[in-house]
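Visitor: Let me give you the structure first, and then I'll get to my questions.
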Amino acid sequence: MPRLSLWQNGAHSKDFSFIDRRISEMFTVGGTGINVHKYLGPITQTGSTDATKPDYINESAKNIQDLLFLENRDRKYDTSVYNVRGIYQTADIDFNLEQFGLFLSNDTLFIVFHIKDTVEQLGRKLMSGDVLELQHKKDYWSLDDTVPVALKRYYVIQEVTFASEGYSPTWWPHLLRAKVVPLVDSQEYKDILNNIAAGEDTDSTLAQVLSTYDVNLQINDAIVAQAEAETPKSGYDTTQLYTVPTNADRTQLTDPETIIGPDGSTVDVAVTTPDKSIEGYLTGDGLAPNGFPVTSAIAFPDNPSVGEYVLRLDYFPHRLFRFDGKRWVKVEDAVRDNYTPGSGTNLRSQFIDNTANVVVGTETIQSRQGLSKALANRKKIT
């Protein structure tokens, strides 16, 4: 009589099949229905001249759209929806106090699936990128009265492993454990959000109902507006500081200054405008010291007065000059600028949010582009 053994030299025995059927029945009886949107792979791209973005002949979930960043930003999903059963442990919202700060991890779920059932339904195992709709989490009582339908709950699979509790005495796994997080309105899931109706009695898409993009944009605009009101410019504000007018030897100016005119004549003029501004890191704002008036122009006036200020707008950054009776002397450069990208008048604006195009030979290159394009190998242009 042979020895009793549940391990059959690497083969699925009848014991395995019996246990597997019992586990499948448990999922059928007690599992929750989950709709699966099957990930098919990145959208096929053709005519690419970028070696990091290859052209794929076949459609496969194993394809990688961007080899540089290892990303699949434009994902394609099956138009069919597959229904499987899953089991997970519900939990209350708890604060994670194991590290500095407060972190909510209640949105991350670990759902267990029966391997054979999911393979029979999908044609493959569940994988990272598949999108799940948890039907039992549908919210029929939204606090927003403008929402025309019940709010569905979608999750995206981040990783899939064999569940430790899914191994039977035959030493073969029966269960998959999927780590899922809530679906967000991002580029990766546009194929789902923009092409699936939010409900039966509405023409709105999932993106229009579930997306928080408009709300986040309004919040961001409000924060930027308040930040610009409280800190309108970079650097340091010196307008509240008084600058003492001085003589050529930097002593305080108390007597009229003797000015030698272009014809060699001398004139005593009570010049009260300082010839220097407060120097420091990012203190230049293009404003005259002590609140004196400034003329903004692209050329100097023909008959300037001694001590007159002119802000030259044709300089980049704008430059403030003062007329000393003989020549126009630089006072400062207007380096203080708005923090908002793309709205300034200094060199920083040329590097942040620059929407201009550069023409090199016959090729037009966008100044603002992703690192994957900027770092890509380009043919030498002669």
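Visitor: Using the Karplus curve 6.51 cos²θ - 1.76 cosθ + 1.60 with θ = phi - 60°, what ³J(HN,Hα) values do you get for each residue of segment 29-46, in whole Hz, with x for Gly and Pro?
Guide: Karplus values, whole Hz, x for Gly and Pro: 6, x, x, 9, x, 10, 8, 10, 9, 6, 6, 9, x, x, 4, 4, 10, 10.
Visitor: How large is ³J(HN,Hα) for each residue in segment 60-65, as worked out from phi by the Karplus curve 6.51 cos²θ - 1.76 cosθ + 1.60 (θ = phi - 60°), to whole Hz, x for Gly and Pro?
Guide: 8, 5, 8, 5, 10, 5
Visitor: Could you check the spin-label model distance between TYR167 and SER17? Points 7 Å from the Cα along Cα→Cβ, value in nm.
Guide: So the label points at TYR167 and SER17 sit 2.4 nm apart.
Visitor: So if I place +1 on the C-beta of Lys and Arg and -1 on the C-beta of Asp and Glu, and nothing else carries charge, what would the dipole magnitude of segment 14-211 be about its Cα centre? I want it in debye, nearest 20. Before the final figure, lay out each step's value.
Guide: Working: 20 positive and 29 negative charges, 153 e Å.
Result for segment 14-211 is approximately 740 debye, rounded to the nearest 20.
Visitor: Then there is this: Express in whole angstrom the spacing between the alpha-carbon centres of segment 20-81 and segment 215-243.
Guide: Here the answer is 44 Å between Cα centres.
Visitor: Over segment 14-211, what number does the Rg to Rh ratio reach, with both radii from the alpha-carbon atoms and Rh per Kirkwood?
Guide: Values: Rg = 18.9 Å, Rh = 18.9 Å.
Dividing the radius of gyration by the Kirkwood radius yields 1.00.
Visitor: Students often forget the sequence filter, so: which lysines lie under 23 Å Cα-Cα from LYS138 once same-chain residues fewer than 8 apart are removed?
Guide: By straight Cα distance, LYS138 reaches LYS38, LYS152, LYS179, LYS190.
Visitor: Residue by residue through segment 183-194, what is 3J(HN,Hα) from phi via Karplus (6.51 cos²θ - 1.76 cosθ + 1.60, θ = phi - 60°)? Round to whole Hz and write x for glycine and proline.
Guide: 6, 10, 7, 9, 4, 4, 10, 4, 5, 8, 5, 8
Visitor: Along the Cα→Cβ direction, 7 angstrom out, place labels at SER211 and LYS276. What is the inter-label distance in nm?
Guide: Calculated label separation equals 5.7 nm.
Visitor: I've got another one for you. Under a straight-distance cross-link criterion of Cα-Cα below 28 Å, which lysines are reachable from LYS233, leaving out those fewer than 8 residues away in the same chain?
Guide: LYS276, LYS330
Visitor: Only loop residues by DSSP count here, and only those with at most 12 other Cβ atoms within 10 Å; note down the chymotrypsin sites (Phe, Trp or Tyr not before Pro) in segment 107-183 that meet that. Show your work: numbers first, answer last.
Guide: Values: sites: PHE110, PHE113, TYR140, TRP141, TYR154, TYR155, PHE162, TYR167, TRP171; in loops: TYR140, TRP141, TRP171.
Listed in order of number, the matching sites are TYR140, TRP141, TRP171.
Visitor: Taking amide hydrogens as modeled 1.01 Å from N in the peptide plane, which residues meet the under 5 Å criterion relative to GLY41, leaving out close sequence neighbours?
Guide: LYS76
Taken together, the values in this text are just the output of simple stated rules run on the coordinates, not laboratory data. This is a predicted model, so every value here is computed, not measured. Ideal geometry is used to build each Cβ from the backbone, glycine not excepted, and the neighbour counts take in all protein chains shown.
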